[in-house]
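The numbers here are math on the coordinates, done by the rules we state, and not lab data. The structure presented is a predicted model; accordingly, all values stated were derived computationally and were not measured. Cβ atoms come from the backbone with ideal geometry, glycine included; neighbour counts cover every protein chain shown.
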Amino acid sequence: MARTKIALIGSGQIGGTLALLAGLKELGDVVLFDIAEGIPDGKALDLAQAAPVEGYDAKLSGTSDYAGIAGADVVIVTAGVPRKPGMSRDDLLGINLKVMESVGKGIRENCPDAFVICITNPLDAMVWALREASGLPHAKVVGMAGVLDSARFRHFLADEMNVSVQDVSAFVLGGHGDTMVPTVRYTTVAGIPLPDLVKMGWITQERVDAIVDRTRNGGAEIVGLLKTGSAFYAPASSAIAMAESYLRDKKRVLPCAAYLSGQYGVDDLYVGVPVVIGEGGVERIVELELTAEEQEMFSKSVTAVQGLVEACKKLGFKGG
Ligand code: APR
C-alpha cells in the first residue's frame, strides 16, 4: 500500500518540528512547502539525513510550488507570521488572512480530499477563512488550539500535584485566546475530578485558579521568553496527535476548533469544542451541558471569535 502523504504549508519553526515528528512516528511521506525558497528544501534534506540515524522510512521533500502538495492526505497549515512580544494573536489578522486566501486556493486545486489542520493565528478566524478559501467540507477542516491549551493545563496541574502528565486529563472550550474556558469540572487525575482533588487536599482552589490563569496566557508567556517568535514544540505535537487520529482512524476525543452548525447554540462559526476525529475527519461534536458560569465564559469567547470573523469580512475577505 502506498504511504500516506502529509503536506506542511509553512516550513518555519512549527513546520520543521511537524516534519520531524511525522518522521519519528512514521505517519507517511512529508512535503514541506514555503514561499521562502530554499527553506523547505533545506529542512527536508536535513530531516532526510536524520532518518538513517532515527530509523524512520519516509520520503521528505521541499517545494515552493503548490503542485508539490498534489494528492496529500493531510495538510497542516502554519503559513503566516507568528507574534512578537506585546502583540496579541488578533494583531496578526490582516497579514495572515491574505496568506489563508492563497493557501486555501492551493489546497482546493491540488488536494481537495485532504484533512486540513490549521495552526496559523488568530486561530479561530484563520481556520474559518481557510475553510472558506478552500471550499472543502467543514468536517475536513479543523483548527488546532484546544489540544495545545489543554496540554498546557495538564502540564501545570501534573507539575503542581507531582503526578504523571499521562494521568491528567483535561480540555478547554472556546476560542484560542484570553477568553478560552479551561473546564475544571471535567479535569481529572486518573478519573478523579479536580474539585474532588481540592477537597482531598491535593491542590488548593487558589492554585487551581492561578493555573487556569496561567493556561489562558500560556502562549504569551512563551512569546515573552523567546522574544523572536512563539511556541512551536507543543503546537506541533498537538497537531500531529490530530493528524494521527485521522490517518489511523483512532477516533480520539480531542478539543479542536470545529465548525458549529447549531451545537452549543452557535451557528456558522469555528469554536473550540471536544470532537471525535476519525477517518471521516470531524465525525462527532461532543455537546456538553454547561453550568451557567461556564456558559457565560463560553459565550464571551464565542463573541470574541465572531468579532474576528467580522473583521475578516470588513477587510474584504470573500473566500474561494
Ligand atoms: N505561503 C506559504 N508560507 C508562508 C506564507 C505564504 N503565503 N507566508 C509566510 N509563510 C511562511 C514563512 O516564510 C515562514 O517560514 O510561514 C512560515 C512561518 O514560520 P515561522 O515564522 O517560524 O512561524 P511559526 O512559529 O512556525 O508559527 C506559524 O502558527 O502558532 C501560529 O502564531 C503562529 O501564525 C503563526 C503560525
>> Considering only the stretch 300-320, I want to know if a residue exists there that is assigned to a strand (DSSP E or B) and among the acidic types (Asp, Glu).
In response: no
> Can you tell me which residues in the stretch 54-68 are more than 25 Å from Met1 (Cα to Cα) and assigned to a helix (DSSP H, G or I)?
Replying inline: none
> Would you pick out the residues in the stretch 241-265 that are hydroxyl-bearing (Ser, Thr, Tyr) and in contact (Cβ under 8 Å) with a residue 40 or more places away in the chain?
Replying inline: Tyr246, Tyr259, Ser261
> Which one of these does Ala48 not meet: (1) crowded, with 24+ Cβ neighbours inside 10 Å; (2) away from the ligand (no atom under 14 Å from the Cβ); (3) outside any loop (DSSP other than H, G, I, E, B)?
Replying inline: (1)
> If you check Gly219, Gly278, Gly272, which single one turns out to be within 21 Å of Met126 (Cβ to Cβ), of a type in the set (Gly, Ala, Ser) and out of contact with any strand residue (DSSP E or B) (no Cβ under 6 Å at 6 or more places or on another chain)?
Replying inline: Gly219
> In the stretch 94-112, is there at least one residue being away from the ligand (no atom under 14 Å from the Cβ) and under 16 Å from the mean Cα position of the chain (by Cα)?
Replying inline: no
>> Among the residues that make up the stretch 47-66, is at least one of them among the aromatic types (Phe, Trp, Tyr) and more than 24 Å from Asp249 (Cβ to Cβ)?
In response: yes
>> Which of the numbered conditions does Ala139 fail, given that it passes all the others? Conditions: (1) touching a residue at least 40 places away in the same chain (Cβ under 8 Å); (2) within 11 Å of the ligand (Cβ to nearest atom); (3) surrounded by fewer than 24 Cβ atoms within 10 Å (Cβ to Cβ); (4) of a type in the set (Gly, Ala, Ser).
In response: (2)
> Are there any helices (runs of 4 or more DSSP H) wholly within the stretch 99-215 with 3 or more residues that are touching a Ser or Thr at 6+ places or on another chain (Cβ under 7 Å), and if so which?
Replying inline: 146-161
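Let's see how each residue does on (1) small (Gly, Ala, Ser); (2) surrounded by fewer than 19 Cβ atoms within 10 Å (Cβ to Cβ):
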| residue | (1), (2) |
| --- | --- |
| Ala239 | yes, no |
| Asp249 | no, yes |
| Cys256 | no, no |
| Tyr264 | no, no |
| Glu293 | no, yes |
| Lys313 | no, yes |
> What is the number of the single condition among (1) more than 9 Å from the ligand (Cβ to nearest atom); (2) surrounded by fewer than 17 Cβ atoms within 10 Å (Cβ to Cβ) that Thr63 does not meet?
Replying inline: (2)
> Cβ-Cβ below 7 Å, separation at least six or inter-chain, first residue in the stretch 219-240 and within 27 Å of Phe115 (Cβ to Cβ), second more than 10 Å from the ligand (Cβ to nearest atom) and in a loop (DSSP other than H, G, I, E, B): which pairs?
Replying inline: Ile240/Lys25
> In this structure, does Val53 turn out to be more than 11 Å from the ligand (Cβ to nearest atom) and crowded, with 24+ Cβ neighbours inside 10 Å?
Replying inline: no
> Taking into account only those residues within the stretch 227-260 that are more than 19 Å from Ile285 (Cα to Cα) and in a helix (DSSP H, G or I), which is nearest to the ligand (Cβ to nearest atom)?
Replying inline: Pro235
> Are there any pairs, at least 6 apart or on different chains, whose C-beta atoms fall under 7 Å, with the first in the stretch 71-97 and under 15 Å from Ala220 (Cα atoms) and without any contact (Cβ under 8 Å) to a residue 40 or more places away in the chain and the second within 10 Å of the ligand (Cβ to nearest atom) and in a loop (DSSP other than H, G, I, E, B), and if so, which?
Replying inline: Asp91/Arg83; Leu92/Gly80; Leu92/Val81; Leu92/Arg83; Leu92/Asn121; Leu92/Pro122
> Do you know which residues across the stretch 66-93 are within 12 Å of the ligand (Cβ to nearest atom) and acidic (Asp, Glu)?
Replying inline: Asp90, Asp91
